[in-house]
Amino acid sequence: MNKMMNYVKKLLSIGMLSLLVIACGEPQENGEDNGPAGARLMPVETIVIESDDFEDFVRVSGTVEAIEDAMISAEISGRIMSIKERGERVEKGEVIAQIDDRLIQAQYEAAKTGYELAEDTFNRLESLYADSIVSTQDYNSARAQRDQAKSQLNQAEKQLQDSRIEAPFSGRIEERFIRTGELINPGMPVVRLVNTDRVRIQAGVPERYAGEITEGSRVELNFRALNEEPRTSRVTYAGNVLDPETRTFAIEVELNNSGQIIKPEMVVDLLLDRATLNDVIIVPRTAVLRNETGVAVFVAAEQNGAKVARMVDVQTGPSSGPLIQIVNGLETGDEMVISGVRNLSEGDELNILHTESSTERAQKLRSADRPVVSF
């Protein structure tokens, strides 16, 4: 019996050893296939290098304000007889609010009558003074009375005019601070009048770009709250002084807003053009690697009918958003790896899942880099 048991144990040991040998010979499940001669087969995406135009820009954020935005106040005291409603649009010179002017009207009529009398008296004495019939004192007294009456008339006329609170520009009443029947005093706000037919975007640019961003520089405007294509304009104002706290200088961009879609206090992303480079090589920034010798990329090279990874040292130029310029190291027609580069090694065989031109990929990255509305 003991011999039989020992025999069975030996058979089980041999079987377990065989299974262990087989298991060690199987490839590990690490998500990678083995290529010829034991090389790893890595799934990647590539681009075929083409020359393209490259816009080097500065990204800043700004806010919208109305160019014409005023708090309209009263200049005299009185009771409000009528006032425009909130949301109404008024034209320049149109009456926004009317103050009770009955007393002012009476004062104006009295001042007008007094002036007409003083003017008539002065005219009669003037002809008599020319004939030396009246004295110089009487003549000067009549002239002084005429001038005083004229001043009183002007004052009454100004008060009568101030009783009609008029719009200094065309716009829309956004806020109303007083109601019909209420009393107001000079300086009290009546309405807030805003014209958004034309708006201004204000932003701050870092001081290191002071020599590059000037009045007239092209700018692309992306409104975060609006689901629309970017708008283009020009810098209309660039400040000559720096903010000592933020180390930025102010810029302004004016923009037509006939549809009233853009509203004050909206946040805007501005792309300010620094320079435009023609016929250059641009690639995704995420595909560029930094190592102990500098900067490099992986390209797909032909080897025995297959494509393998080769690391190439490159020299980079300016970068903008998700793109960067390659100055040296790549040529038109080269096939460059853009995905999976962090896991690649020299000599890995490439399983190319997708390929396209570098200009096509650049356009996709530019579109994806624009702010997207989300709620």
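The values are calculated or read from the model by the stated rules, or taken from the named source; none is laboratory data. For clarity, every value in this text was computed on a predicted model and none was experimentally measured. Don't worry about glycine lacking a Cβ; one is built from the backbone with ideal geometry, like all the others, and counts go over all protein chains shown. SASA here: full protein model, heavy atoms, side chains in, ligands and nucleic acids out. Shrake-Rupley method; radii C 1.70, N 1.55, O 1.52, S 1.80 Å.
Excluding residues fewer than 8 places away in the same chain, name every one of the aspartates and glutamates whose C-alpha is closer than 19 Å to that of K158.
E75, E94, D100, D101, E109, E116, D147, E166
Leaving out ligands and nucleic acids, and using a 1.4 Å probe, what accessible area per residue does the range 286-375 come to in Å²?
Accessible area per residue, the range 286-375: 55 Å².
State whether the range 257-332 is rounded, prolate or oblate according to the following rule on the C-alpha gyration tensor (a ≥ b ≥ c being the square roots of its eigenvalues): a/c under 1.5 gives rounded; otherwise a/b larger than b/c gives prolate, and the remaining case gives oblate.
prolate
Excluding ligands, DNA and RNA, what is the solvent-accessible area per residue of the range 124-218 at a probe of 1.4 Å, expressed in Å²?
58 Å²
What dipole magnitude, in Debye to the nearest 20, does the chain give about its Cα centre under +1 on Lys/Arg Cβ and -1 on Asp/Glu Cβ?
Computed about the Cα centre, the dipole is about 1400 debye.
With 14 Å as the cut-off, how large is the P(r) tail for the range 167-246, expressed as percent of Cα-Cα pairs?
Counting every Cα pair in the range 167-246, those more than 14 Å apart make up 76 percent.
If you add up the charges near Y139, with Lys and Arg at +1 and Asp and Glu at -1, over every other residue whose beta carbon is less than 15 angstrom from its beta carbon, what do you get?
Residues close to Y139 contribute a combined charge of -3.
What does the charge count around I173 come to, taking other residues whose C-beta lies under 10 Å from its C-beta (Lys +1, Arg +1, Asp -1, Glu -1)?
Neighbour charge sum, excluding I173 itself: +2.
Mean residue ellipticity at 222 nm from the helices of the chain, using -39,500 (n - 2.57) per DSSP H segment of n ≥ 4 over the full residue count, to the nearest 500 deg cm²/dmol?
-8500 deg cm²/dmol
Compare L226, L323, L183 in a GNM of the chain, Cα atoms joined below 10 Å, and give the one with the largest fluctuation.
Among L226, L323, L183, the largest GNM mean-square fluctuation belongs to L183.
Give the angle, between 0 and 90 degrees and rounded to the nearest 10, that separates the Cα long axis of helix 2-25 from the longest principal axis of the Cα atoms of the chain.
Rounded to the nearest ten degrees, it is 50.
Provide the gained length on full extension for the span E302 to F177, in nm with one decimal, where the gain is 0.36 nm per separating residue minus the Cα-Cα distance.
37.3 nm
Say each of E229 and D138 gets a label point 7 Å from the Cα, pointing the same way as Cα to Cβ; how far apart are those two points in nm?
8.5 nm
Given 0.36 nm per residue, what is the gain on full extension from K150 to T214 after removing their alpha carbon distance, in nm?
Here the answer is 17.7 nm.
Between 0 and 90 degrees, rounded to the nearest ten: what's the tilt of helix 102-130 against the longest Cα principal axis of the chain?
That works out to roughly 50 degrees.
If I take R0 = 30 Å and measure r between the Cβ atoms of N291 and S61 in this structure, what FRET efficiency does the formula 1/(1 + (r/R0)^6) give, to the nearest 0.05?
Calculated transfer efficiency: 0.30.
Calculate how many DSSP beta bridges within the chain are antiparallel, expressed in % of all such bridges and rounded to the nearest 5.
Around 90 percent antiparallel, to the nearest 5.
For L353 and A275, what does the FRET efficiency come to when R0 = 41 Å and r is the distance between their Cβ atoms, rounded to the nearest 0.05?
FRET efficiency, L353 to A275: 0.70.
Using a 1.4 Å probe over the heavy atoms of the protein chains, calculate the carbon and sulfur portion of the accessible area of the range 179-305 as a whole percent.
Within the range 179-305, the accessible surface is 45 percent carbon and sulfur.
What's the ranking of 266-278, 128-140 by average number of surrounding C-beta atoms within 10 Å, highest first?
Peptide ranking by packing, descending: 266-278, 128-140.
Just to be sure I understand: if I project the alpha-carbon convex hull of the chain onto a plane and average over all orientations, what area do I get in nm²?
41.1 nm²
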